[in-house]
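**Q** Have a look at the structure that comes next, please.
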Amino acid sequence: MPRTIFENMVIQKFVDKTSIGFCQYTAIRFFEILFIEKGNGKLNINGHNITYGDNQIFVFIPNDKYNFEIETPTTVTAIKFLNNFFTNFSSDDDVVQQKEWFKKIETILYSTNRVNNIKLSSDTERNSLLALFTVIFNEFTNNELKNELILKATLQSILHIISRNVNHEVLQSESSKIQQIINYIHYNIHDAALISNQAIASEFNISKNYIGQFFKKQMGMSIKKYILNHKLKLAETRLKYTDYTLSEIALELGFTDSSHLDKTFISYKGVTASNYKLQLK
């Protein structure tokens with residue numbers, strides 16, 4: 001079978017299991033979505049025990065480790081993006097698609113506490129995700145089906161629903177005001193207009209003249225500095241897990257050009273972005 005956009009993905013489903021073994025893909029996994037359809041027990045995530053139940057979503061990154069302590073038979077589907085998933089696409093359509101997926105994944109990772117499950121806002125969302133996970137597993141594992149168009153559309157829908165629910169959770173959260181502002185910045189990091197001081201002040205009903213002072217008092221740095229640091233963190237993620245050029249990364253994250261990103265990255269990692277990329281090889 002010729003190389004496809006899904007070669008570096010693993011989709012597994014475990015039905016009514018009383019035990020689930022260690023994940024052999026952990027060491028080469030960039031991102032993972034775990035959808036627990038039914039069952040009860042505990043997930044041990046990086047040493048923390050979290051109670052799980054029906055229709056729950058968890059997400060993981062490379063250094064995360066988890067194992068199940070199952071109390072009642074559990075059905076779970078795992079979608080794992082392996083390290084090379086976001087590299088070496090020859091099709092322009094695939095490149096556009098992967099960039100959209102990468103942004104959705106970043107939104108999910110940086111806008112939620114990954115030790116807890118992502119709360120779904122309604123039964124409609126839960127039913128939709130259950131249907132989508134069933135479709136993507138069946139399509140992925142049946143070689144007679146395995147239609148890329150269906151796989152892409154289904155995966156896009158899954159990421160969009162999870163991302164939408166992360167945003168809903170942020171907006172409904174009772175966490176501190178500063179945490180809500182941080183989550184808002186992370187969610188809107190690619191839209192400069194939405195993360196200006198004026199836009200943030202308006203979103204959170206804080207005086208435009210006070211928002212900067214409030215943020216610096218809480219975080220020990222200006223909003224501008226925090227946003228820059230977060231963009232550099234996102235740049236590092238792209239350098240590690242994608243084959244995007246410096247120019248592409250700079251454009252997506254709002255730097256003037258690749259030279260601007262290169263020089264600014266020194267303050268973050270002590271080396272230019274281009275040298276950091278070379279060190280990863």
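The values are calculated or read from the model by the stated rules, or taken from the named source; none is laboratory data. On a predicted model such as this, the values are computed, not experimentally measured, just so you know. Heads up, the Cβs are rebuilt from the backbone with ideal geometry, glycines too, and the neighbour counts pull from every protein chain shown. Each accessible area value is taken on the protein alone, full model and side chains, heavy atoms only, with ligands, DNA and RNA left out. Shrake-Rupley method; radii C 1.70, N 1.55, O 1.52, S 1.80 Å.
**Q** Do you know which residues across segment 203-218 are surrounded by 14 or more Cβ atoms within 10 Å (Cβ to Cβ) and not β-branched (Val, Ile, Thr)?
**A** 203, 204, 212, 214, 215, 216, 218 - these are the residues of segment 203-218 that are surrounded by 14 or more Cβ atoms within 10 Å (Cβ to Cβ) and not β-branched (Val, Ile, Thr).
**Q** Criterion first (of a type outside the set (Lys, Arg), in contact with a helix residue (DSSP H, G or I) (Cβ under 8 Å, 6 or more places away or on another chain), part of a helix (DSSP H, G or I) and buried (at least 19 other Cβ atoms within 10 Å of the Cβ)) does residue 249 satisfy it?
**A** It is true that residue 249 is of a type outside the set (Lys, Arg), in contact with a helix residue (DSSP H, G or I) (Cβ under 8 Å, 6 or more places away or on another chain), part of a helix (DSSP H, G or I) and buried (at least 19 other Cβ atoms within 10 Å of the Cβ).
**Q** Next up: Just a yes or no: is a residue in segment 219-230 closer than 20 Å to residue 263 by Cβ, open to solvent by less than 20 Å² (accessible area, probe 1.4 Å) and among the basic types (Lys, Arg)?
**A** no
**Q** Give just the number: which of (1) buried (at least 19 other Cβ atoms within 10 Å of the Cβ); (2) in contact with a Leu (Cβ under 7 Å, 6 or more places away or on another chain); (3) outside any strand (DSSP E or B); (4) not basic (Lys, Arg) does residue 6 not satisfy?
**A** (1)
**Q** Quick one: is residue 234 assigned to a helix (DSSP H, G or I) and either open to solvent by less than 40 Å² (accessible area, probe 1.4 Å) or touching a strand residue (DSSP E or B) at 6+ places or on another chain (Cβ under 9 Å) (or both)?
**A** yes
**Q** Those residues that are polar (S, T, N, Q) and in a helix (DSSP H, G or I), I need them from segment 190-211; list them, please.
**A** Hits for segment 190-211 are 197, 198, 202, 209.
**Q** Related question: Which of the residues spanning segment 118-162 are within 19 Å of the chain's Cα centre (by Cα) and at pLDDT below 85?
**A** Within segment 118-162, 118, 119, 120, 121 qualify.
**Q** Can you find, within segment 9-51, the residue that is surrounded by the fewest Cβ atoms within 10 Å (Cβ to Cβ) among those that are modelled with pLDDT under 90 and not hydrophobic (A, V, I, L, M, F, W, C)?
**A** Among those that are modelled with pLDDT under 90 and not hydrophobic (A, V, I, L, M, F, W, C), it is 47.
**Q** Cβ-Cβ below 6 Å, separation at least six or inter-chain, first residue in segment 237-265 and touching a residue at least 24 places away in the same chain (Cβ under 8 Å), second open to solvent by 70 Å² or more (accessible area, probe 1.4 Å) and small (Gly, Ala, Ser): which pairs?
**A** Hits for this filter: 254/192.
Each row is one residue, and each column tells you yes or no for (1) at pLDDT below 95; (2) open to solvent by 70 Å² or more (accessible area, probe 1.4 Å).
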position	(1), (2)
164	yes, yes
168	yes, yes
173	yes, no
181	yes, no
199	no, no
268	yes, yes
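**Q** Residues 243, 257, 262: which one is over 17 Å from residue 102 (Cβ atoms), of a type in the set (Asp, Glu) and surrounded by 13 or more Cβ atoms within 10 Å (Cβ to Cβ)?
**A** Selected residue: 262, the only one of 243, 257, 262 that is over 17 Å from residue 102 (Cβ atoms), of a type in the set (Asp, Glu) and surrounded by 13 or more Cβ atoms within 10 Å (Cβ to Cβ).
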